[in-house]
Amino acid sequence: MDRLLLTGASGFVGRRVLAEAARRGVPVTALCRRPPSGGRPVGDVRWLAFDVAGDVSGEAPLGGLLEAPPEDPWVGAFDGVGAVLHLAAATGAAPASEHRRVNEEGTRRLLRAAARAGVERFVFVSTIGVRFPDLRGYPYGRSKAAAEGAVRESGLRWTVVRPTAVFGDGSPIVASLSRLAGLPVLPLLGGAPARLQPVAVDALAATLLDVVGQPETVGGTIEVGGPEIATMEELLRRLRQRLRGRRGPALRLPLGPLTLALGVLERVGVRPPVTAGQLVSFVEDGVLDPEIGRVVGETPLPPADGSADVPAGRARGGDRSRRLRREAGSLSRVLVGSPPGEPVVARYLAAHERLPGLMPSSLFERAQVGAARLHPWPARMADAYAALLARESVLRRKTVLLLAILESSAGHHRSIDRPDARGRLGTVAALGLRGLSALPLLAVGFAIFVPVHLLSTLLSVSGPRRGVDP
Ligand SMILES: NC(=O)c1ccc[n+]([C@@H]2O[C@H](COP(=O)([O-])OP(=O)(O)OC[C@H]3O[C@@H](n4cnc5c(N)ncnc54)[C@H](OP(=O)(O)O)[C@@H]3O)[C@@H](O)[C@H]2O)c1
């Protein structure tokens with residue numbers, strides 16, 4: 001069977017495509033800059049590690065299709081390859097220059113390399129964002145639109161696939177939106193809320209592999225989304241409900257000044273949860289064009305009431321589930337800096353049904369677990385105290401349990417074991433800074449938990465383990 005050359009294989013979508021290819025027995029040549037260091041997928045995978053855009057800069061005319069660069073990293077890359085699925089992209093908060101270099105020039109470079117190697121089938125993964133009416137302030141959308149143009153002019157047997165927002169465990173979009181949804185006051189951006197129609201990552205991965213093998217899609221553009229449409233505001237409220245167990249206060253912010261403020265923050269090197277460029281997704285609809293849209297999979301949107309996964313008729317069980325969800329949300333932010341995906345939360349909940357020793361039984365343990373549920377900051381304080389002075393405590397056990405679940409779940413390896421791009425000196429400096437900034441939290445944590453710990457011991461309320469978690 002011909003191999004599939006898959007770029008962006010280590011990314012959020014790429015990893016699911018690899019898993020699906022392994023399930024179908026499709027051999028893959030996987031390209032990214034850094035192959036993942038843990039949890040490699042099964043199947044016939046050959047890894048290539050280099051920058052798809054190389055050192056190409058400025059305009060790279062398509063006329064240069066047959067010119068081989070002096071040191072050609074592509075030599076051998078197409079051995080046995082029958083089709084290319086091009087996912088690699090600078091995504092999220094990357095600078096505009098990187099969007100252009102990787103998404104536009106990188107795609108042109110890949111097209112040239114495929115043409116040189118005689119590989120004709122080329123599926124390009126773009127984004128629904130290329131249809132936003134004004135792309136001037138949206139460098140990612142601009143670069144993808146330019147790349148689509150290059151693909152259409154390539155003379156290859158191309159298909160362009162435009163996914164809507166992709167959701168699933170480890171989704172970068174859900175992580176960013178969850179950071180917004182977890183703020184004490186929910187920021188609602190702009191006037192009329194945009195609608196979106198997210199697609200589940202596994203359904204998208206399967207569709208992409210289907211499209212590669214569908215000759216009827218050659219020369220066409222397909223949009224791929226899920227079955228449910230929601231407004232951005234509704235999505236933020238549902239995420240908030242899931243994270244904090246309640247909807248809470250919201251504040252409507254005008255888009256213009258916010259775009260300006262975010263632009264300034266980015267210029268001085270601060271990384272806000274969304275960039276000025278990404279704000280366009282809050283005002284423009286990201287739903288399928290019915291003419292070229294394919295609805296795939298089940299809806300990946302969180303349930304409207306935040307409790308659909310709670311067994312019916314068990315209000316007490318529902319409360320417990322919500323508390324454990326909040327706890328998992330806080331602790332995951334402390335451990336890996338992002339909220340957990342639904343499968344991680346489900347495993348965390350299931351572990352609480354099975355494992356003994358996860359019920360707080362003393363005043364001290366209840367105070368620690370209660371603090372951890374409030375917000376990642378008190379969770380960090382409580383964890384720092386427990387790590388030094390209460391290693392056997394319930395909070396410590398819960399933290400280790402969640403870390404083990406995150407470590408063994410798809411989508412979280414990158415945040416845990418990814419090599420640091422800052423180099424050794426940068427990493428030591430960053431760790432030092434992090435240690436310094438943790439000192440005030442540690443001091444406050446000690447001021448709160450030392451007296452509670454002492455009082456709890458004096459009152460001897462520990463005794464036999466009681467289920468405070470209902
Ligand atoms: N996620 C979404 O919601 C969404 C929605 C619509 C469209 N899409 C499109 O779907 C595709 C996959 O998205 P994703 O969410 O999986 O993105 P992602 O998680 O950010 O992954 C990007 C992938 O591209 C690789 N990459 C980036 N720069 C590269 C370079 N210069 N050379 C070689 N490889 C490079 C990355 O690997 P290294 O970092 O290891 O190099 C990684 O494997 C993208 O084209 C994106 O535009 C995504």
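For the peptides 242-252, 119-129, 336-346, the ranking by mean Cβ contacts within 10 Å, running from highest to lowest, is 119-129, 336-346, 242-252. Rank the residues M359, M1 as a footprinting-exposure proxy: fewest other Cβ atoms within 10 Å of their Cβ go first. Taking fewest neighbouring Cβ atoms as first place, the list is M1, M359. Packing-based ranking of 258-266, 99-107 yields 99-107, 258-266, ordered from highest to lowest mean Cβ neighbour count within 10 Å.
Placing pseudo-labels 7 Å out from each Cα toward the beta carbon at L255 and F446 gives an inter-label distance of 5.0 nm. At full extension, A96 and E298 could sit 69.4 nm farther apart than now, given 0.36 nm per residue minus the alpha carbon distance.
For the pair E120 and L455, a Förster radius of 45 Å applied to the C-beta separation gives a FRET efficiency near 0.05, rounded to the nearest 0.05. Fully extending the segment from V428 to L349 would add 24.9 nm, taking 0.36 nm per residue of separation and subtracting the current Cα-Cα distance.
Based on Cα contacts under 8 Å between residues 6+ apart, region 3-295 shows a relative contact order of 18 percent.
Of the two radii for region 147-189, the radius of gyration is 1.27 times the Kirkwood radius, both from the alpha carbons; that is the Rg over Rh value. Using only alpha carbons, region 3-295 has a radius of gyration to Kirkwood radius ratio (Rg to Rh) of 0.97. Protection proxy ranking, highest mean first, for peptides 197-206, 426-435, 445-454: 197-206, 445-454, 426-435, where packing is the per-residue count of other beta-carbon atoms within 10 Å, averaged. Take the Cβ atoms of A19 and A49, set R0 to 22 Å, and the FRET efficiency comes out at 0.65. Applying 0.36 nm per residue to the separation of V264 and S437 and subtracting their alpha-carbon distance, the gain on full extension is 59.9 nm.
Since every read-out is calculated from the coordinates, none of them should be taken as a lab result. Here the structure is a predicted model, which is why all the values come from computation and not from measurement. Note: ideal-geometry Cβ built from the backbone for every residue, glycine included; neighbour counts use all protein chains shown.
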